[in-house]
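A short worksheet on the structure shown next.
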Amino acid sequence: GRAADDETPGTSAAPPRLGPRERAVLEFETRRFKNAGRKEQAIRDEFDLSPTRYYQIVNALLDDPAALAHNPTLVARLRRLRELRQQARR
């Protein structure tokens, strides 16, 4: 069933929460890198993920209401960048 079915009547739902990895990914996205190669190496070093898998996680976070609640400015900026890349590919 829906999550709302599991709530006790009269209580407000807790805000959506991000896990530690999701928060770390968003924090990582606030950093600036001199070039893509440095960022890709940092992704491997810090998250033990391929850059492809990392960006899949980032992309999913951009559609996650918890990520938007956690850092609305960053998520909005990353969404705009994603939209520009999608338009460029059309």
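A few points about this structure:
- Checking each residue of the range 53-60 against the condition of being farther than 17 Å from Pro20 by Cβ, touching a residue at least 12 places away in the same chain (Cβ under 8 Å) and outside any loop (DSSP other than H, G, I, E, B) gives at least one match.
- Summed over the range 68-85, the residues that are touching a residue at least 24 places away in the same chain (Cβ under 8 Å) and more than 24 Å from Arg38 (Cβ to Cβ) give a count of 2.
- Candidates are the residues of the range 17-47 that are hydrophobic (A, V, I, L, M, F, W, C) and assigned to a loop (DSSP other than H, G, I, E, B); the one that is least open to solvent (accessible area, probe 1.4 Å) is Leu18.
The values are calculated or read from the model by the stated rules, or taken from the named source; none is laboratory data. Quick caveat, the model's predicted, so the values are computed rather than measured. Here Cβ is always computed from backbone atoms with ideal geometry, including for glycine, and neighbour counts include all displayed protein chains. Please note that ligands, DNA and RNA were not included when accessible areas were found on the heavy atoms of the full protein model with its side chains. Shrake-Rupley method; radii C 1.70, N 1.55, O 1.52, S 1.80 Å.
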